[in-house]
Amino acid sequence: GPGRRLLLSTPIFYANGPPHIGHVYSALLADALHRHRGLRGAGPSRLSTGTDEHGLKIQQAAAAAGTSPPELCARISALFHQAFTQAAVSFTDFIRTSEPRHCQAVCHFWTALQERGALYKGTYEGWYCTAEEGFLPESQLTERVDAQGCTHKVSVESGHEVHWTKEENYMFKLSAFQDPLQKWLRDNPRAICPEPFYQRVLCWLGEDLPDLSISRERSRLQWGIPVPSDSTQTIYVWVDALVNYLSVLGYPETHGEWWPAAHHVVGKDILKFHAVYWPALLMAAGLSPPERIFVHSHWTVRGQKMSKSLGNVIDPFACNERYTVDGFRYFLLRQGVPERDCDYYDEKVVKVVNSELVDALGGLLNRSTAPGINPSNTYPCFSETCFPKVVDYRETEALGRAAAEDYEFVVSVASLPLRVASYFEDFQIYKALECIALCVRQTNGFFQRHRPWKLDRKDPSEKLWLDTIIHVTLECLRVYGTLLQPVIPHTADKLLSRLAVEPEERLISNLMFLPRYNGKPCPFEGRQLGPDTGILFHRLEKSSQHQI
Ligand code: ME8
């Protein structure tokens, strides 16, 4: 409803290496949702992001880099901050898990778990994977023979080696939450989106759900938050990390104004942590599970998984420079499909951006504002006699010059804002962009079909039709510019400014296409266009020297 508060979040990123485009993709998805919501006037929202700085991985990365964990984290965290700022991610909160406000929140959360009887001390032994920061069951292990002929046990998922580890840990009674978790999901079928991930989680919950070790011996892990009241133990990094969503809200004091109105964007690799462990931990601490979890897949490079540990990462700073911020945002959000992995390569970015932003969108703006077509540089008046109401076009077709396909395209543009909103709601941003791109193509077809440049402006009836074509085209562009703001904010601003659309007229909530169709006056008729600031989007070069 209106006025409702919402927290949107990205994962917090491990501060063990610089950001890559997968991280930026996560942040852009959350950013597009955040911006779209803002433009719908849906109520106050926050977008949180940040860095995950504790744990063995960071401790080891710091040792390998010959530095201390705090120094490594400060440096890497600043890179993430910079990458997201540069990519125009509209975050309102940036949290570092090494901050005192976060450590206090984690200790409070731990104490709540303990006081409510959700923890017990137990001896834990099993195969531990440092890279994944977790114990793995036999079913997730396989064997690998190295060059010397020695056999190693490794994780099926990541390929990293595991070691037999035995220690005294605090255990979380995860098994007690199997039924509550199942009930939560049954009652909230849209809690995990897209649907295949919801099914995957239901499947996990149908299997055995063993208790979870949530602390580590301090002797093995110093870089972390000590267990309150037991300094021989360090809090498991995943419990530490997940609580970030509460610490940004000022837990335990002010989170109540927001929680559980939280939407988490996460990669599929961390789905179990967010859709099983996190909701269970929240319930155990007396809080509700988050409202929604949006899950996306991975970017691969030439078919290979991209990860810091494999070393085939693509640098987002270089991409922004090469494709511009908006070009790169458009590509990732247009081509990234949450349900499946997508392959990244340079030629694809160039092709998508040139054909959809340069040729189709930029071309359309250029054609409809060209001095030869629109000499008065205004939004012409719309003539309903030339292009009558859509509802009864079959009867009125003969009155104008428009053909059935013109009416069909007008109908599809009129329904675009709602379709886009519903795709955003279902975390199908790429589909929203696909619909917009299709409408842009149809508008170009409309323009081309009627050859306005051939019309004789001195003939009153041709002049009327010419004005109608330009008016409809500019209206389409206004709709596309408005709807594209969450994805390509700079380009959309340029487009809307050229169309003289005032800032208060850019909301998606009351976006109306051809208002006269709805019996409303059109505020744009006769309005002078904004200054011509040149090409909307510059063509990208096909490149040989960039080995992206
Ligand atoms: O898992 N393609 O951090 P992380 C798309 N600190 N997205 C990718 C990706 C790829 N190739 N690689 C990573 C962690 N990501 C924890 C999270 S949250 C409380 C703690 C994205 O730096 C994806 O969203 O390893 C992944 O979940 C996220 O980066 C964090 O990766």
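Each part reduced to its alpha carbon centroid, region 281-312 and region 436-472 end up 47 Å apart.
With the highest mean first, a sort of the peptides 456-465, 499-508 on other beta-carbon atoms found within 10 angstrom per residue produces 499-508, 456-465. Once the C-beta distance of H163 and D208 is scaled by a Förster radius of 22 Å, the resulting FRET efficiency is 0.40 to the nearest 0.05. In this rough spin-label picture, where each label sits 7 Å from Cα along the Cβ direction, the V145-T85 distance is 5.3 nm.
Ignoring everything except DSSP H segments at least 4 long, calculate the 222 nm mean residue ellipticity for the chain; use -39,500 (n - 2.57) per segment, divide by total residues, nearest 500. Working shown, then result.
On the way: 19 runs with 216 residues, N = 548.
It lands at -12000 deg cm²/dmol.
With only Cα atoms counted, region 144-243 has Rg and Dmax values of 17.9, 54 Å. With the simple model of a label 7 Å out from the Cα in the direction of the Cβ, R220 to E99 spans 3.1 nm.
Enter the mean projected area of the convex hull around the alpha-carbon atoms of the chain, in nm², rounded to one decimal.
With every direction weighted equally, the projected area is 28.7 nm².
A Cα-only calculation for region 437-477 places Rg and Dmax at 10.7, 35 Å. FRET efficiency for the pair S461 and N518, taken as 1/(1 + (r/R0)^6) with r the Cβ-Cβ distance and R0 = 41 Å, rounds to 0.95.
Treating each Cα of region 289-394 as one equal point scatterer and applying the Debye formula with no solvent, the log10 of I(q)/I(0) at q = 0.12, 0.21, 0.22 Å⁻¹ comes out as -0.67, -1.15, -1.21. Across the chain, the mean sequence separation of Cα contacts (distance under 8 Å, 6 or more residues apart), normalised by length, yields a relative contact order of 15 percent.
By the beta-carbon count within 10 Å of each Cβ, the least crowded to most crowded order of M512, M306, fewest first, is M512, M306.
Pairs with C-alpha atoms separated by more than 31 Å, drawn from the list K153/K348; K57/K542; K431/K463; K454/K494, are K153/K348; K57/K542; K431/K463. Note on S175 and E505: the extension gain reaches 113.5 nm, defined as 0.36 nm multiplied by sequence separation minus the Cα-Cα distance. Membrane-span-like helices in the chain: DSSP H runs reaching 27 Å or more (Cα, own axis), mean Kyte hydropathy at least -0.5? Span-like helices here: 429-450, 460-484. Inter-part distance, region 101-141 to region 175-207, computed on C-alpha centroids, equals 21 Å. Spin-label model, R116 to E525: label points 7 Å out along the Cα-to-beta-carbon direction sit 6.0 nm apart. The tail of the calculated P(r) for region 481-538 beyond 12 Å holds 69 percent of all Cα-Cα pairs. For S376 and L418, the FRET efficiency from 1/(1 + (r/R0)^6), where r spans their Cβ atoms and R0 equals 30 Å, is about 0.35. List the pair-distance distribution P(r) of region 1-130, using every Cα-Cα distance, as the percent of pairs falling in each 5 Å bin from 0 up to the bin containing the longest distance, rounded to whole percents. For region 1-130, the pair-distance distribution reads 2, 9, 15, 15, 16, 16, 12, 8, 4, 2, 0.
In this entry, region 424-548 is assigned a mean projected area of 11.0 nm², taken as a quarter of its C-alpha convex hull surface.
Every number here is computed from the coordinates shown, using simple stated rules; none is lab data. Not measured: the values here are computed from a predicted model. Glycine gets a Cβ as well: all are built from the backbone with ideal geometry, and neighbour counts include every protein chain shown.
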